[in-house]
1. Can you tell me which of 50, 29, 21 is crowded, with 19+ Cβ neighbours inside 10 Å, more than 11 Å from ligand 2 (Cβ to nearest atom) and not assigned by TED's automatic domain parsing to the domain that holds residue 338?
2. Would you mind finding the one in 268, 257 that is assigned to a loop (DSSP other than H, G, I, E, B) and either over 27 Å from residue 413 (Cα atoms) or of a type in the set (Gly, Ala, Ser) (or both)?
3. Of all residues in segment 126-153, count the ones that are in a loop (DSSP other than H, G, I, E, B) and aliphatic (A, V, I, L, M).
4. Do we have any residue at all in segment 157-164 that's more than 16 Å from ligand 1 (Cβ to nearest atom) and assigned to a helix (DSSP H, G or I)?
5. Kindly evaluate residue 68 against the criterion of being within 16 Å of ligand 1 (Cβ to nearest atom), in a helix (DSSP H, G or I) and farther than 23 Å from residue 245 by Cα.
6. All but one of (1) over 22 Å from residue 301 (Cβ atoms); (2) among the β-branched types (Val, Ile, Thr); (3) modelled with pLDDT of 95 or more hold for residue 263; state the number of the condition that does not hold.
7. Identify all residues within segment 94-125 that are open to solvent by less than 60 Å² (accessible area, probe 1.4 Å), in a helix (DSSP H, G or I) and polar (S, T, N, Q); write none if there are none.
8. Under 6 Å by Cβ, and 6 or more places apart or on different chains, what pairs join a residue from segment 69-88 that is within 12 Å of residue 42 (Cβ to Cβ) with one that is open to solvent by 40 Å² or more (accessible area, probe 1.4 Å) and assigned to a loop (DSSP other than H, G, I, E, B)?
Amino acid sequence: MIQDLELIKKEIKYDKTLNCVQCGYCLPVCPTYITMGKETHSPRGRINLVKMVGEGKMTDLSIMEEPMDLCLGCRACETACPTGVQYGEILEGARSVMKKSKKSPMLQTILLSKVIPSHKMMEQAGNAFWLYEKSGMQTMLRKSGLLDKLPAHLGTFESIIPAAVSPKERARFPKRVQMESPGVMAQTGTDQNGEKREKKYTVAFFTGCIMDAMFRRINQLSVELLAKAGCEVVMMENQTCCGALHAHTGDMKESKKLAKQNIAAFEKENVDFIVNNAGGCGAMLKEYDRLLEDEPEWLERAKEFTEKNKDISEVLVLCGGIPVINHPPEKVTYQRSCHMTNVQKVKIEPVQLIKSIPNVELIEMNEGDMCCGSAGIYNIVNYEASMEILDRKMGNVKDTLATTILTTNPGCLLQMKLGVKREGLTQKVRVLHLVEFLAEAAGVSSW
Ligand code: SF4
Ligand code: SF4
């Protein structure tokens with residue numbers, strides 16, 4: 001129940017709901033409205049609920065719970081809205097208010113506040129998974145069928161987790177990688193004939209938490225690709241999780257704390273760009289100025305940080321593309337990351353890079369901009385709703401007849417793998433991060 005209406009009004013971003021003219025242009029792009037067919041599960045309906053709370057017409061916050069919990073936060077509605085309603089802020093505000101009125105599950109709290117922000121704990125988690133895989137326990141448990149009995153469909157998700165990187169390989173992640181030179185590890189800034197090459201940019205690489213623990217190989221390939229394209233790559237110490245998962249669950253306090261830690265960590269080196277390879281993280285990093293707008297002592301620093309942030313595809317295009325070696329003929333389709341499209345507004349560069357590879361045919365899928373249903377931990381906490389959205393997505397993927405699905409976000413990558421598995425296409429269709437595909441074409445391998 002509501003205690004102080006003025007306070008709630010501010011936190012719930014009531015003022016922003018007034019920009020909604022209820023036109024409904026956002027309805028055809030909202031995945032939950034399309035699959036669930038309810039006004040309360042549309043952007044317009046959700047905004048209305050928040051507005052009623054702000055006006056004191058609805059005092060029982062639990063009425064907002066299901067519509068807000070089932071929102072993917074994909075922000076396709078923002079892109080479609082003719083009046084520029086900032087739905088992402090309204091959603092964050094509503095979740096933040098709801099979070100105060102109910103207790104979060106213990107496991108979620110521990111994961112978000114203790115494990116994910118800790119580089120050490122994420123390293124240990126990555127190493128533990130490698131041990132689980134290499135010790136034979138994974139094979140044994142998969143064969144026993146015990147994993148299928150785990151709650152919240154965790155067994156299903158276990159089956160699509162990528163192969164882990166060994167502790168020895170983890171320890172080899174360098175502090176600084178210079179421009180491409182002969183050999184696997186770029187160090188000298190010379191080309192294959194031993195001649196000096198001009199450096200294009202100095203960039204700092206944002207490793208992320210999940211990307212670094214579970215997708216370390218993609219991070220390695222990203223660094224190698226950047227070096228090959230002419231960048232000097234610096235790895236900043238003390239960087240941490242971007243805070244997106246926290247913001248999406250309404251924990252704005254923790255999200256701000258992590259943002260400040262990242263800003264302070266990346267200020268230590270004067271680089272041209274701060275580069276990331278995950279659509280969701282990139283969107284969060286690019287909104288640190290908005291996140292910290294009420295904190296004058298941080299705002300300027302946040303703006304500087306935000307301006308330098310780029311997705312890897314943007315930087316590779318600025319470098320003049322990737323030096324392609326060769327690629328066998330292949331039909332690919334590209335599943336856009338919602339946050340890369342709707343928040344970062346990075347649409348052209350990934351397509352440009354894919355099209356630059358000879359022999360590769362890019363076939364755009366229908367509803368290509370629509371969310372795949374992954375949305376952070378949405379597919380775990382709202383499994384059925386997520387699978388309904390995924391099945392629709394897979395129908396569109398199958399129509400393309402592509403044998404490779406490319407994505408630019410770890411959540412989308414796992415979700416598309418799950419989709420391929422559900423369709424029984426594991427032997428015919430592969431799912432790759434765009435970086436893996438570009439590395440393949442440029443003859444770059446991880447170390
Ligand atoms: S498109 Fe914008 S103004 Fe129209 S209903 Fe949706 S959020 Fe409101
Ligand atoms: S964020 Fe996505 S799921 Fe949520 S209301 Fe907007 S379009 Fe619908």
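1. Working: 29 fails: more than 11 Å from ligand 2 (Cβ to nearest atom); 21 fails: crowded, with 19+ Cβ neighbours inside 10 Å.
Answer to the check: 50.
2. Working: 257 fails: assigned to a loop (DSSP other than H, G, I, E, B).
None of the others qualify; the one that does is 268.
3. From segment 126-153, those in a loop (DSSP other than H, G, I, E, B) are 135-136, 145, 150; that's our starting set.
Subset that is aliphatic (A, V, I, L, M): 150.
So the answer is 1.
4. Yes - at least one qualifying residue is present in segment 157-164.
5. Against the criterion (within 16 Å of ligand 1 (Cβ to nearest atom), in a helix (DSSP H, G or I) and farther than 23 Å from residue 245 by Cα), residue 68 does not qualify.
6. So residue 263 meets the others, but not (1).
7. Listed by number, the residues that qualify are 96, 108, 113.
8. 80/25
The values are calculated or read from the model by the stated rules, or taken from the named source; none is laboratory data. Note that the coordinates shown come from a computational prediction; the quantities given were computed from them, not determined experimentally. Neighbour counts run over all protein chains shown; Cβ positions are idealised from the backbone, glycine included. Note: areas computed on protein heavy atoms with side chains; ligands, DNA, RNA excluded. Shrake-Rupley method; radii C 1.70, N 1.55, O 1.52, S 1.80 Å.
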